[in-house]
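Trainee: Sharing a structure with you now.
The numbers here are math on the coordinates, done by the rules we state, and not lab data. The structure displayed is predicted, hence computed values, not measured ones. Every residue, glycine as well, gets a Cβ built from its backbone with ideal geometry; the counts of neighbours run over all protein chains shown.
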Amino acid sequence: MSEGFAKVGSLNDFEAGSMRKIQLDGEDVLVANIAGRIYAIADTCTHRGCSLSEGTIEGTEVICPCHSAHFDVTTGKVTAPPAKKDVSSFVIQLQGSDVLVKRQ
């Protein structure tokens, strides 16, 4: 395994168009499969602390279930209020069918 990366599942665990919350070093992280590419961002909305993985995904955006803030899953950037602060994004690495994640 590459240094600093943690295995969070296999490609089969993340169907296209799906997202799932995982734990990485005690932090909730949303892992999503967008058109066959895997991305990871912090799971906690910066507006009120809701779990983004309980929201919906449209294209490359996740919509918070509490107040409908939008975040780009590929970057962690806010794309629609009420959130004003971006969430952190994580580095993804694939080793065979293993999905590995680490903090940027």
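Trainee: What nm value, rounded to one decimal, do you get for the distance between E3 and R103 when each label is placed 7 Å out toward the C-beta?
Mentor: For E3 paired with R103, the spin-label model returns 1.7 nm.
Trainee: For Cα extents along the principal axes in Å, the listed values are (i) 39, 25, 18; (ii) 33, 31, 22; (iii) 38, 31, 26; which was obtained by calculation from the structure presented?
Mentor: (i)
Trainee: Can you tell me the relative contact order of the chain? Whole percent, Cα pairs under 8 Å, sequence separation 6 or more.
Mentor: Details: 238 pairs, mean separation 26.5, N = 104.
Reported relative contact order: 25 percent.
Trainee: Relative to the present Cα-Cα distance, how much length would full extension add between S51 and T75 at 0.36 nm per residue of separation? Walk me through the intermediate numbers first.
Mentor: Details: separation 24, 0.36 × 24 = 8.64 nm, distance 1.72 nm.
Extending this stretch completely gives an extra 6.9 nm.
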